[in-house]
1. Please go through the stretch B:400-422 and give me each residue that is more than 24 Å from B:Arg64 (Cα to Cα) and surrounded by 23 or more Cβ atoms within 10 Å (Cβ to Cβ), ordered by number.
2. Would you mind stating whether B:Gly173 is touching a helix residue (DSSP H, G or I) at 6+ places or on another chain (Cβ under 6 Å), of a type outside the set (Phe, Trp, Tyr) and over 30 Å from B:Glu426 (Cβ atoms)?
3. Is it the case that some residue within the stretch B:100-108 is more than 29 Å from B:Phe330 (Cβ to Cβ) and outside any helix (DSSP H, G or I)?
4. Identify, from the list B:Leu348, B:Leu268, the residue that is among the hydrophobic types (A, V, I, L, M, F, W, C), surrounded by 19 or more Cβ atoms within 10 Å (Cβ to Cβ), touching a strand residue (DSSP E or B) at 6+ places or on another chain (Cβ under 6 Å) and closer than 30 Å to A:Glu80 by Cβ.
5. Just to be sure I understand, how many residues within the stretch A:42-53 are more than 24 Å from the chain's Cα centre (by Cα) and either more than 7 Å from chain B (Cβ to nearest Cβ) or over 22 Å from B:Ala342 (Cβ atoms) (or both)?
6. Among B:Leu235, B:Leu221, B:Leu202, which is the only one that is more than 27 Å from B:Val384 (Cβ to Cβ) and among the aliphatic types (A, V, I, L, M)?
7. Restricting attention to the stretch A:91-150, and to residues there that are within 9 Å of chain B (Cβ to nearest Cβ) and in a strand (DSSP E or B), which single residue is surrounded by the fewest Cβ atoms within 10 Å (Cβ to Cβ)?
8. Go through the stretch B:319-343 and give me each residue that's more than 7 Å from chain A (Cβ to nearest Cβ) and polar (S, T, N, Q).
Amino acid sequence: MLATIGVESIAELFTDIPEALQLKEPLDVPPALDPHSILATLREYSRLNRSLDEMVSFLGAGVYQHAVPSAVAALIGRGEFLSAYTPYQPEASQGYLQTIYEFQTMICELTGMEVANASMYDGATAAAEAAVMAHGVTGRDKIVVSRALHPHYRECIHTYAPAVGCTVVEALWDELEAAIDEQTACVVWQYPDFFGRVLSPSHLVNRAKEVGALTVCAAEPVSLGVLRPPGAFGVDVVVGEGQPLGVPMGYGGPHVGFFCVKKDLVRAIPGRIVGKTHDKDGRRGFVMTLRTREQDIRREKATSNICTNQALMALAATIYISLLGKQGFREVAEACVRNAHYCAEQLLRIPGVSMLFPDDPFAFEFGVRLPRDAEAVRDALLEQGILAGLPLGRFYDDRKDCLLIAATEVRTRAEMDRFATELAKVVN
Amino acid sequence: MSDFPLIFERSRPGRRGVRPPACDVPELPLGELLPSDLLRDEPPALPEVGELDVVRHFTNLSQRNYGIDTGFYPLGSCTMKYNPRVNEEAAANPRFTQMHPLQPDGTAQGCLRVMHELQSWMAEITGFDAATLQPPAGASGELLCLLMIRAYHESRGEGEQRKVVLVPDSAHGTNPASAARAGYTVESVRTAEDGGCDIEDLKAKTGPHVAAMMLTNPTTLGLFEKRSVEMNEILHAAGVQVFCDGANMNALVGVARPGDMGFDCMHLNLHKTFSTPHGGGGPGCGCVGVQKHLEPFLPAPVLSRDGERFFWDHDRPQSVGRVHSFFGNFLMNVRAWAYVRAYGREGLPEIAKHAVLNANYVMERIRDEFPPAYDRVCMHECVVTASPLKKHGVRALDVSKRLIDYGFHPPTNYFPLIVPEALMIEPTETESKETLDAFCDAMLAIAREAREEPELLHSAPHHAPVGRLDEAWAARNLDVRWSPGERVASNAE
């Protein structure tokens, strides 16, 4: 090979790099390991973890433990999927392109929207992208955000939106409508909200329409198996986290964001979109479309800088939804709702435990007030093999005694009964 | 030949796949648990198919897709190297996959240890003082770097005056797009005759109004930017921060470090240089390295250690904030960790050396038909042009489509924008000489076909699941979702 190139050594190929910049000593990283030892070392590290398989978990807050059919991992592990890249050459990428078209369809069905893109990084950045998109569409600078939107989603909006000249205004749910005015680009809320409440957004949609602001709803997809979809309320943009759709929790990633709009906003949408077309013989095929929105063509005028998204995780979601199907998906959503209500009922029998929002309906997550510090309660229950949920003190100063609790379809009656028994011991 | 059915077209009423866990609490009607006006009227129109239907559907779809595991994938700028299977096994460990990101730190010490080691290795490999693994992709890392630079200038009272970001005319589209997202105006810097930066143009455009320059090194032309140290001095003298786009780190790993060249920050694509799978367009993983002066602005929380205990430090008052829901794509970190350990300190430079050797070999073998855009030694990829074929009416796109018939994934075409009829070929270090020769033979054969039978190229591909697709039609007749009631595929049983 060197002879073909016409050099005598590989070093000659590096002469463009000034001598002074070339490393003289090996890097300070550990020596090489064989594959067996790599796996052994990582297994040893992993034993320092306590996974949700080893506890009975009631932790949710945006990431949920669900039963994932074995076929999901087997299918996304196929090399043709795993080792491909963005389908720039559609004729060599029909497999992926079709699965993305199917994913877009499923997300539209769940959210009640007309158009979904090929995926985003995750729920938080999808929400932030929606805020920036609303700024671009309306030419307005004020982003109104519900305080009951996931705190991390709000943090991401605070990272993204001010950089393009927006001001972010947070308001309590009850005060959200009043915060929407003629300067508002969009209002962003969550459904079910961070506390698991299911609240009608009709008043927000009406108010936003009056003043020409966009509505952005961050929705949890599994609950949309039974809940009225945001699209049915007339929402303009629906975003969310697709992790509950068969994607491993994986200590926070990779997950998959989704992003849907009404048809009139399709040219403002960030990221890839796959559309149907045909070849010269009339055979159906799929391609990335509306490409002139994107960074590699439009550069600084692009709708977003996003390039790589989360195609493999979107594929996992597509397979998960297919495996459960119309009926199974509904059954999962129903089981989550029933388990959470059963769980709440048991916990509320404990003296001193009350609902954080006693008057509001909830889906499969709810907040409780405890008679003592929630972190201390969480830590005490860990000793009993129970991960009790998320203490809310870090996110809300006035809620140090509150715990956010989720119960999905994987929890059993016996586990929830034990949770109530152990919680009763710890709080009293 | 009939169309390949959609999963929806395989649906039959009442059919079902996998059963969810049985619910053992009282099955109250949902109307008793939730207000009826907040419940769905109609269930979503999801497919009704058996498990085997699903497995076959997606298995057959996978066979309509080309991956590195299928064959050679020299997609320039994307570093399509082999994704070692050991990484997949490591990341599939339930003690990693079944970890919730909001667990107490004390129960996640294994994850934190993996991340802490990886972030320190990344800082060492790139020559920076600190690193974060939070950005979920390369473009996210770029944006993060610019936001940190912005916060840095603001902390020095220069936020108002510095509103411009310089980007070479050869840059990836993500660079100007990220700059716009960080609130900056973009100015383009010209490429000189030798493929490097035009220093005079750079000097003319640098000044106290400039916040940052974004420089890919090696550049998107596959060339080492020989003047990068000089450029960084010019830029620093004017108070400009310099971001290194690490898309092409595969040419440098173990050989040289951007941190030593005077860059202030950089991003890495772990899915390029560090072998995590591209997954059909993600997940990526966009590690970022910074020098000391940018460290206070890193996204919160920052992974720290106290003796043997690792913890998330949320108390970061100068942080630019969060760029991901949680801590980034952790399971990709596990894979990158395994990759670094597989090569180790002695092995890492071999990655760059063989990547550069392979790229130069391909460039040399095809140069008579596809001359290099800049006639000098290239780094890990070569940018060549299909311009000589234009007189036969053949374009870079036709060459690419014909390569599919020969069993290869096409290179990147029409990028960088400054090279006419560009074909950007990145073989990576994981390919054998035999594979490279087969690819070069195909390229030369296609050049012959271009002269003798150009129609063969215009109508390519001929041996793919579909012929050349009408992309313009797709944009004019937007159909981005299946609708219930649409035609049922003709081959449905």
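1. B:Pro416, B:Val419, B:Ala422
2. When the stated conditions are applied, B:Gly173 does not pass them.
3. Within the stretch B:100-108 (the criterion being more than 29 Å from B:Phe330 (Cβ to Cβ) and outside any helix (DSSP H, G or I)), the answer is no, since none of the residues qualifies.
4. B:Leu268
5. Here the count works out to 1.
6. B:Leu235
7. That would be A:Val115.
8. Across the stretch B:319-343, the qualifying residues are B:Ser319, B:Asn333.
Only the coordinates and a few stated rules stand behind these numbers; no lab work does. Fair warning: this is a prediction, and the values are worked out from it, not measured in the lab. In this analysis, Cβ positions are derived from the backbone assuming ideal geometry, glycine residues included, and neighbour counts consider all displayed protein chains.
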